[in-house]
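Undergrad: Structure incoming, see below.
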Amino acid sequence: MIKTIAILTSGGDAPGMNAAIRAIVRSARINGLDVYGIHEGYKGLVEGGEKFVLMGRKSVTNIISLGGTILGSARLPEFKNLEVREKAIENLKQHKVDALVVIGGDGTYQGALALKKMGFKVIGLPGTIDNDIWGTDYTIGFDTCLNTVVEAVDRLRDTCGSHQRCAVVEVMGRYCGDIAKSAGLATGAELVITSETGYDEEKVLANARAYREKGNRHPIIIVTEKITNVHALAEKIEEHTGIETRATILGHIQRGGSPTASDRILAGRLGNAAVEILLEGGNGVCVGIHSNQIITTPFEEVLTNKKNIFGEYESLIRTLS
Ligand code: ADP
Ligand code: F6P
């Protein structure tokens, strides 16, 4: 029988994490559970003490629209060590916590799986802008990030059109191309480059030349991070096509901002479901959304699979051929 739960946010923050925290706290309190908010992810879990803060309904008032996470986030590579996780479990037990809800990306899920294997009850919610999580069609934060990217690319399109310039735009996503591909579709970008589409500099240059020959002197090229140096690529495009080219790295701007309605609703549904699942005895699973239905998937399955959200409309994305 669960009486006390704890929540933490970990890894890269994502807009909508606060809406998820709000839903978990409210739903837990309605069901008579005590809730600890753990500050700074696994780091706070290991440090214990003042990092464990009891949360009531009032502690989540007016946070639904806030970006970032009121609990803070951190990265703690040492959490891979057994003795560090033992300290975390000791702190949870000291506070009589029966189950933990983690909100984060795949790294956070690795940590959660490790805790589950040590016998602690844990549930995961997908909170990352990258959308790189199996077991859910969409992660909390992805939609907000995508809207930020689309707005930025639209702005670049304005100025590039005026100056007859090509724009190379680097977006986040770690090794997942969902941000780049979705932004490409939503902005009509001339070229999208991700780790899934592959990268070939000669082909990029040929592609840009082809646009110039067709009279388009302001193509937009969206590139996922970690693929190439976009400033060097911009110089090459200029050199090889004669089209003036500028590179823009959108960076951490993509992680901030008030969550979209879609992210708030997703976070609320997943947060609510997490508490219900725990009360029904669930453990070691991630809560996600698939075809607009709440689903649960074991951590092991989530961490060994890769999804593709694009299906039949993948062909609409303009990639290197
Ligand atoms: P995200 O959750 O956004 O993918 P990270 O990859 O940085 O972010 O992971 C967040 C945290 O999860 C790490 O700082 C670390 O504390 C923990 N973590 C990551 N991988 C593991 C692992 N293999 N075992 C235990 N903990 C891990
Ligand atoms: O996982 C979210 C993310 O923003 C990735 O898209 C990016 O690669 C990474 O985090 C950046 O991490 P940091 O905030 O540590 O620079």
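Undergrad: In region 261-282, which residues are touching a helix residue (DSSP H, G or I) at 6+ places or on another chain (Cβ under 7 Å) and open to solvent by 30 Å² or more (accessible area, probe 1.4 Å)?
TA: 262, 264, 272
Undergrad: Being open to solvent by 60 Å² or more (accessible area, probe 1.4 Å), touching a residue at least 24 places away in the same chain (Cβ under 8 Å) and more than 16 Å from ligand 2 (Cβ to nearest atom): is that true of residue 154 here?
TA: yes
Undergrad: Given the criteria in contact with a Lys or Arg (Cβ under 7 Å, 6 or more places away or on another chain) and of a type in the set (Gly, Ala, Ser), does residue 32 qualify?
TA: Criteria not met by residue 32.
Undergrad: Does region 14-36 contain any residue that is at pLDDT below 95 and either surrounded by fewer than 24 Cβ atoms within 10 Å (Cβ to Cβ) or under 21 Å from residue 275 (Cα atoms) (or both)?
TA: Among the residues of region 14-36, not one is at pLDDT below 95 and either surrounded by fewer than 24 Cβ atoms within 10 Å (Cβ to Cβ) or under 21 Å from residue 275 (Cα atoms) (or both), which makes the answer no.
Undergrad: Within region 1-13, take every residue that is within 16 Å of ligand 1 (Cβ to nearest atom) and either modelled with pLDDT under 95 or open to solvent by 10 Å² or more (accessible area, probe 1.4 Å) (or both) and give me the one that is nearest to residue 95 (Cα to Cα).
TA: Once the filter is applied, the top-ranked residue is 11.
Undergrad: For region 220-265, which positions are small (Gly, Ala, Ser) and away from ligand 2 (no atom under 15 Å from the Cβ)?
TA: 232, 234, 242, 247, 258, 261, 262
Undergrad: Go through region 110-131 and give me each residue that's within 8 Å of ligand 1 (Cβ to nearest atom) and more than 17 Å from residue 9 (Cβ to Cβ).
TA: 113, 114
Undergrad: Across region 162-213, which residue is farthest from residue 318 (Cα to Cα) among those that are of a type in the set (Ser, Thr, Tyr) and open to solvent by 10 Å² or more (accessible area, probe 1.4 Å)?
TA: Looking at the filtered set, the residue picked out is 162.
Undergrad: Within the group 125, 54, which residue is in contact with a strand residue (DSSP E or B) (Cβ under 8 Å, 6 or more places away or on another chain) and farther than 20 Å from residue 301 by Cα?
TA: Every option except 54 fails the conditions.
The values are calculated or read from the model by the stated rules, or taken from the named source; none is laboratory data. Keep in mind that what you see is a predicted model, and the values were worked out from it rather than measured. So basically every Cβ, Gly included, is an ideal-geometry build from the backbone, and we count neighbours across all protein chains shown. Protein only, heavy atoms only, side chains kept; ligands, DNA and RNA dropped before computing areas. Shrake-Rupley method; radii C 1.70, N 1.55, O 1.52, S 1.80 Å.
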